[in-house]
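Read the structure below first, then the notes.
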2 protein chains.
Amino acid sequence: MSKSYDQYCPMAHALDLVGERWTLLIVRELLHGPMRYTDLSDRLPGIGTNILAARLKDLEACGIVEKHRLPPPAASQVYELTPYGHELKSVLRALAVWGVRSLGPPEPERLATGWLESAVAMFFAPGAPVGRFVFRIDGEVASLTNGETLAGPLDDPDVTVETTATGLYYLFFERRYDGVEIDGDRELFERLLDTATAPVVSGAVAV
Amino acid sequence: MSKSYDQYCPMAHALDLVGERWTLLIVRELLHGPMRYTDLSDRLPGIGTNILAARLKDLEACGIVEKHRLPPPAASQVYELTPYGHELKSVLRALAVWGVRSLGPPEPERLATGWLESAVAMFFAPGAPVGRFVFRIDGEVASLTNGETLAGPLDDPDVTVETTATGLYYLFFERRYDGVEIDGDRELFERLLDTATAPVVSGAVAV
DNA sequence: CCGCATCCCCAAAGATACTG
DNA sequence: CAGTATCTTTGGGGATGCGG
């Protein structure tokens, strides 16, 4: 654990817990679900094995992650977010919404597997209208229904969107439908896009 | 600038920009308004002068902060957030809301001056009901109206809350009014408390 | 193989002194 | 006041080793 900022401040305290290098990216991965040590190592290119071990130990010590060993058939152990750890999703979402605006168009070769599920969860899920959505982007598939994000497809979708990562980028930022194929209820999808690109409202809604 | 995570991912990119030690705390301070180098240094106990200079240079380079020299009478220069930098408020708010739950009751001697304004902006301002609120906590004063936070008092308040930092803590987390003095429209204040302690809704509102 | 612990090296942080 | 220069200390990156 690195040195504390030693301030009585919720932000400084939060950064004491998750502000070190790699920590929030580990949490980002674990938002996909429980994962083994080696899976994490594979999905975080560049992280040293010692760093990963140290971060997991810290995260466990402060109640963000739990280590479980799976029952006998599979003798491996997995890391899993606690409920408190899972709530870091709001932090990661805020970071994603802020960061995406200076990120520029995608370079497909730098996209990690599973990126689409994150993208849907971060940008489309919050405030999504009721409906069943399937995204097929550059070989990845993810779905959204009831504000829940799933890796993989979904039965009886209301809308299916198929395009490339680049197509999705320009759709999102400029509403350009070049190279984007929408199957099903296009108007419903437009409403989804409206909520996704609306300015973020943090906090509760005014009464 | 430290090493990039080198992933095409909005979160990783955001952390490339503001993920280094001290960076988000500098932004937190600048949310109070433009500030001189020495002010920042004073308000961030423990930061080295070289680190502060380096961070400010990085933040300037990536369009989060701008350096201005004030017009002749005052020959000093100030650092100021750009609009893009100001939007990091949503990230800091998410961190604050997450972090406060594991922070514990306040230790008054570790509170930095200006903390109350941040606290009001982060916890009370989002979604606040219409009204004029004044907070007087442990010698600090801050106000809230139209969702705008101000350092200092306000004319014609609807409600004035006076207590200690500890009193505010237990009021917030346990609705305990011990040692809390409410002047004015108490019911309005209760509504403010309701919105402040409601679970955070990130993203736009469901249609 | 999986899950780390150890070691080495370098880059970044911390502390302090000093300067335009 | 607003930093730069310098030195020491700490932490990260990468390779390797090793028990289960």
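Before moving on, here are some points about what is shown:
- Cα Rg, Dmax (largest Cα-Cα span) when computed across segment B:17-120, Å: 14.3, 47
- A label point on A:SER102, set 7 Å along the Cα-to-Cβ line, lies at 2.7 nm from each of its counterparts in the other copies, closest listed first.
- Look at the stretch A:100-107: the mean tally of other chain Cβ atoms within 10 Å of its residues' Cβ atoms is 4.
- Histogram of C-alpha separations across segment A:109-159, 5 Å bin width, %: 5, 24, 34, 22, 9, 4, 1
- Among A:87-98, A:59-70, A:138-149, sorting by the average number of other beta carbon atoms lying within 10 angstrom of each residue, highest first, gives A:87-98, A:138-149, A:59-70.
- For segment A:74-116, the Kirkwood estimate of the hydrodynamic radius, built from every pair of different alpha carbons, is 13.3 Å.
- Shielding of B:19-32 by partner chains, average beta-carbon count, 10 Å: 3
- Peptides A:169-179, B:33-43, B:157-167 ranked from most to least packed, by the mean per-residue count of other Cβ atoms within 10 Å: B:157-167, B:33-43, A:169-179.
- Crossing angle, helix B:186-197 versus chain B [Cα axis fit, 0-90 degrees, rounded to tens]: 40
- Computed magnitude of the charge dipole of segment A:109-207 (debye, nearest 20; Cβ of K, R +1, Cβ of D, E -1): 340
- Of all beta-carbon atoms in chain A, the one sitting closest to the axis that brings chain A onto chain B gives A:ALA94, 2, with the distance in whole angstrom.
- Take the Kirkwood radius over Cα pairs of the protein assembly as shown, plug it into Stokes-Einstein at 4 °C and 1.567 mPa s, and you get 56 µm²/s for translational diffusion.
- Expressed as a fraction of 2.2 N^0.38 Å, the value expected for a compact globular protein of N residues, the C-alpha radius of gyration of segment B:113-195 is 0.95.
- Toward the positive end of the charge dipole of segment A:60-207, with +1 on the Cβ of Lys and Arg and -1 on the Cβ of Asp and Glu, the farthest Cα among A:GLY85, A:GLY147, A:THR164 is that of A:GLY85.
- Shielding by partners, peptide A:124-132 (average Cβ within 10 angstrom, other chains): 3
- Separation of alpha-carbon centers, segment B:111-180 and segment A:1-68, rounded to whole Å: 33
Just so you know, all these numbers are worked out from the coordinates, no wet-lab data involved. Just so it is clear, the structure is predicted and the values come from calculations on it, not from any experiment. Neighbour counts run over all protein chains shown; Cβ positions are idealised from the backbone, glycine included.
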